[in-house]
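Inspection log for the structure reproduced underneath, given as structure tokens.
The values are calculated or read from the model by the stated rules, or taken from the named source; none is laboratory data. These numbers were taken from a predicted model, which means no experiment stands behind them. No Cβ is skipped: glycine too gets one built from the backbone with ideal geometry, and neighbour counts run over all protein chains shown.
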Amino acid sequence: MNDDFEQHLQSLHRRPLPAEWKAIIMRTARPSAPSLRPPRWLAWGMAAAWCVVGLLHVLTPSLPSTPVVTAPAPPINSDAWAQQQQLFASLMSDNPSPP
Amino acid sequence: MLSMPELERLYDAYSVGLFDYLCTFVRCEAAARDLLHDLFVKIGARGLPDSIASEKAYLWHLAHNLAMDALRRQCRHDRIHVRISADQDALRSFEQCGDPDAADFAAQVRAAMDALPPEQSSIAQMKLWDGLTFEEIAEVQGISPNTAASRYRYAIDKLRGQLHAIYEEIKP
């Protein structure tokens, strides 16, 4: 409950600020253009989702790896290789050179 | 996003009170003007949150934080303005009316307010001239509503004591 003294104080009016202050402040305080950054809640949501993905990746046991069956490379037989080379050389020497 | 007319509305409605509040703490009109500028730049950039219950309490809370940061900086640089000098006090006086007794009373109210501790004078001005409730004041300064109310009562009692003589002369 306000008494007379308080009401008397309340009846005083403060001086307005200089008009040029408003012009200066409004010029620099102009609301900025909408930012391209995502809203904060969205950024936090995405961060949380990535954390969950990472956690699941770490905690999930990996599947047993199936060995890739590949045909064993044929053993290199140096004798067979030498015979092949000799055969090739003889064939080349027997063939007449093309005109 | 806050529109320009909305920002102007906030300025027109609250700038005088916010400036007075900032002056109470930083004790320098030039510093208070800079902080008022910073405050509206902040609001222009961020807008008002949707979740706030009272825009008035939100704005005064921002002003309070800015004033506290400025005081910390002043302490760091050892540049505390202890009192407002007479020539810096021009903007914070009350509007003059024709009656010289009323003008004298207004001047003495301002002097008595400046003599109060900032935690009391800031609450008195929020309550008397800016119309904040004790709940809103509590939110602004991070205190309980009971503390706000008791500080207000201390301030009013001190003002009453100091202004008793002149008030007796002019009271209706």
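Considered as a group, the residues in the stretch B:24-38 that are within 11 Å of chain A (Cβ to nearest Cβ) and closer than 22 Å to A:H13 by Cβ include one that is surrounded by the most Cβ atoms within 10 Å (Cβ to Cβ), and that residue is B:A32.
One line per residue, one yes/no per condition, for (1) in contact with a strand residue (DSSP E or B) (Cβ under 7 Å, 6 or more places away or on another chain); (2) modelled with pLDDT under 90; (3) more than 14 Å from chain A (Cβ to nearest Cβ); (4) closer than 30 Å to B:K171 by Cβ:
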| residue | (1), (2), (3), (4) |
| --- | --- |
| B:D50 | no, yes, no, no |
| B:A70 | no, no, yes, no |
| B:C75 | no, yes, yes, no |
| B:Q96 | no, yes, no, yes |
| B:P100 | no, yes, yes, yes |
| B:P117 | no, no, yes, yes |
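I'd like to check something: does the stretch A:32-44 contain any residue that is at the interface with chain B (Cβ under 9 Å from one of its Cβ atoms) and either surrounded by 10 or more Cβ atoms within 10 Å (Cβ to Cβ) or at pLDDT 90 or above (or both)? Checking the stretch A:32-44: at least one residue is at the interface with chain B (Cβ under 9 Å from one of its Cβ atoms) and either surrounded by 10 or more Cβ atoms within 10 Å (Cβ to Cβ) or at pLDDT 90 or above (or both). For the stretch B:100-131, which residues satisfy the criterion of being within 24 Å of A:P18 (Cα to Cα) and assigned to a loop (DSSP other than H, G, I, E, B)? Answer for the stretch B:100-131, where residues must be within 24 Å of A:P18 (Cα to Cα) and assigned to a loop (DSSP other than H, G, I, E, B): B:W129, B:D130, B:G131. When the test is whether a residue is surrounded by fewer than 19 Cβ atoms within 10 Å (Cβ to Cβ), at pLDDT 85 or above and within 13 Å of the chain's Cα centre (by Cα), B:H61 passes it. When B:V41 is tested against (1) within 16 Å of A:P18 (Cα to Cα); (2) at the interface with chain A (Cβ under 8 Å from one of its Cβ atoms), only condition (1) is not met.
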